[in-house]
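Each remark here refers to the structure printed beneath this line.
The values are calculated or read from the model by the stated rules, or taken from the named source; none is laboratory data. Everything numeric here is computed off the predicted structure, so don't read it as measured data. For neighbour counting, all protein chains shown are included, and Cβ atoms are generated from backbone atoms with ideal geometry for every residue, glycine included.
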Ligand SMILES: Nc1ncnc2c1ncn2[C@@H]1O[C@H](COP(=O)(O)OP(=O)(O)OP(=O)(O)O)[C@@H](O)[C@H]1O
Ligand SMILES: [Mg+2]
């Protein structure tokens, strides 16, 4: 990417600020809120963090070459004469505006779709990327990876900070990549990270209890999600899943923005006219205002049908054709760690999912139950040094909804794996019914081996908890461990390939 360059005075004309001390003729070619990323020409944004006041890093930023600091208040110590100090009481909004101005992303040449909701963001973003690849190319920002259309890198957080988002948009612009799909977390909305992102489409999947440590109440959590739709320009489209009760409310509140409703029944504008679903996937004929769309997906389960509806409606609204939607959905083989299929030709279904809370495990296993496998064989464990109260709850859910359980290790950290397993067992025991069985096998690879040996035609083996993670944390050590890879190796040892 060509480095951007902008005179500070010009940059400040678009950034809400209350005072400027120092010269304004400096050229800015980079901005960041992390003093370690500062280089000559950087503008350093000293955010008022939750734990630390960014102003304490102003000196380090200056020493690394920053000549402009943007902060929510005055300097903590007298600033050097060649450092310009800009006070922006709404520091995060200023950061977002500065990022948009420096990277020149307001022109909307890239068609951006933002996806928000408690669940299904990653899955929907993968579907969108796959569709947009059929429609000329796409970038993606999300929980698992950041994709700028040419390269991938592992994600640090679901929605990055404003400077990374706008830098990504600029790269897509320069490469002529027509589409971008973004997961938008509620944190990022509250923290104004996406405030100046010119979305064409904003999509809502669902809202359930989560992240209340951060938002405190469901109402605040809902309002945080809603903010994405308030950001949408008048000619943008709000795609809302009305099969979710908060989605229904959102669609009602957005009537003046002409939301496009999606849902499982005919009240919605985009809905499945007919569908078939089994453990191999979903086939559906969708009715949409853009014409009928046939989809075949290797994703399965009721909630993935909803994710498919949201993705199809969003892609069509952003400009993809019904054919591109069909082809893009069909070519997505899976989403890493989200009911990810592992297939070496064995005669049973094998799925990896990162469900690691009792609620997620319940959703996952219930959805699989509806698909009526012969038996569900579940391999799972609970993490160490974390909330102990969820252990018996996870045990109970797993036992209630599975036929055979293999209780194993999942990031025990500094706790004794056997002690964690005992906590889980207290929840399992009351749920064991005749015909159900549980075995505790603390070595995760060994537990998987036994589960695979147990499985027969028509069964589904579910390996829950780690999903796309690539390590297992035992004590202080991080050991390489990737469930899909280990399972594939085990299947090969068994003679499948
Ligand atoms: N529409 C949905 N409704 C309910 N549960 C879902 C839905 N889609 C996916 N899930 C479940 O939630 C898990 C997470 O899905 P996904 O990663 O797509 O969501 P996410 O919103 O990106 O989550 P996160 O906030 O953790 O990044 C899946 O493994 C699946 O079990
Ligand atoms: Mg995600």
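A few comments on the model shown:
- Only listed residue being more than 15 Å from residue 288 (Cα to Cα) and assigned by TED's automatic domain parsing to the domain that holds residue 285, chosen from 321, 300: 300
- Checked against the criterion of being assigned by TED's automatic domain parsing to the domain that holds residue 241, in a loop (DSSP other than H, G, I, E, B), at pLDDT below 95 and within 14 Å of ligand 2 (Cβ to nearest atom), region 145-155 contains one or more residues that satisfy it.
- Residue check for residue 307: at negative phi and either part of a strand (DSSP E or B) or not assigned by TED's automatic domain parsing to the domain that holds residue 386 (or both): yes
- Where a residue in region 176-189 is surrounded by fewer than 24 Cβ atoms within 10 Å (Cβ to Cβ) and its partner, wherever it lies, is in a helix (DSSP H, G or I), with Cβ under 6 Å and at least six apart: 189/224; 189/227; 189/228
- Some residue of region 199-209 being surrounded by fewer than 19 Cβ atoms within 10 Å (Cβ to Cβ) and assigned to a helix (DSSP H, G or I): no
- Within region 336-359, the residues that satisfy the criterion of being within 16 Å of ligand 2 (Cβ to nearest atom) and free of Cβ contacts under 8 Å to residues at least 60 places away in the same chain are 339, 357.
- In region 75-125, residue nearest to ligand 1 (Cβ to nearest atom) [restricted to those that are under 15 Å from residue 42 (Cα atoms) and in a loop (DSSP other than H, G, I, E, B)]: 83
- Filter result (in contact with a strand residue (DSSP E or B) (Cβ under 8 Å, 6 or more places away or on another chain), in a loop (DSSP other than H, G, I, E, B) and under 21 Å from residue 92 (Cβ atoms)) within region 5-43: 15, 17, 18, 33, 38
- Checklist (1) modelled with pLDDT of 95 or more; (2) within 16 Å of ligand 1 (Cβ to nearest atom); (3) within 23 Å of residue 226 (Cβ to Cβ); (4) in contact with a strand residue (DSSP E or B) (Cβ under 6 Å, 6 or more places away or on another chain) applied to residue 140, failing item: (3)
- Look at region 143-159: where a residue is in contact (Cβ under 8 Å) with a residue 40 or more places away in the chain and a partner is in a loop (DSSP other than H, G, I, E, B) and within 14 Å of ligand 2 (Cβ to nearest atom), sitting 6+ places away or on another chain with Cβ atoms under 7 Å, you get 143/155; 143/158; 144/155; 144/336; 144/468.
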